[in-house]
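This is the structure I have questions about; it appears just below.
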Amino acid sequence: MPVDTITEVRPYLTFKLGNEVFAIDVAKVREVLDFTTITKIPRTPDFMRGVINLRGSVVPVLDLRLAFQMEATGKTVNSCIIVVEVELEEERLVIGALADSVEEVAELEPDQIQPAPSIGTSVRTDFIRGMGKRDSGFLMILDIDRVFNSSDLAGLRQLQP
C-alpha cells in the first residue's frame, strides 16, 4: 500500500534491529513472544532460523537481521519473536520474526509518513512502505508482506496446518 493511501492515524509496533528502528502495522501483528527455543530445520535459507511450537502449531521463525544483510540476531534479555500474519499469493501464513527488542506501539499521523527513498534500481526498497518521522529521527515502516518474496516463503507453506 503506497504512502498516499494512508489517510488516517494508524498504530505501528516499533522494534529495533541493531541501532535502527522499524515498524509494522499492528493489524499484521498477532503477538510478541519472549525468545524461546527454536528448532533448526536442515536445508533452509540462512534467514530461516527454524520453527517454534506456538500452542500446538508449528510457526516458522525468520531472522529479519539476516534478511536485511545484517549480523544474525543474538539471544539477549530483550530479544523477542514478533508473530505476524503475511499474505503470500492470496494465502495467509503465520511466521515469527526475530527482533532485538520491541519498543512500543506508536500512532503516526499521515503527515508524519513520507515515501521510502528512491535509491536506484539496483537496491530493493519495495518492502519499505514509508519513513515515519518520530522525535528527531526516522523509523522504517515495513510492508511485512513484501519483506520476503514468494520464493523465500514458498517452502513455509508445508509447515503450516
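Any read-out appearing in this document is the output of simple, stated calculations on the displayed coordinates, not a laboratory observation. Here the structure is a predicted model, which is why all the values come from computation and not from measurement. Glycine also receives a Cβ, built like all others from the backbone with ideal geometry; neighbour counts cover every protein chain displayed.
Going by average Cβ neighbours within 10 Å, how do the peptides 47-55, 100-108 rank, with the highest at the top?
On the way: 47-55: 17.1, 100-108: 14.9.
Result, highest mean Cβ count within 10 Å first: 47-55, 100-108.
Further question on the same structure: Can you list residues whose amide H is under 5 Å from T73's amide H, if they're 5+ apart or on another chain and H is modeled 1.01 Å from N?
R65, L66
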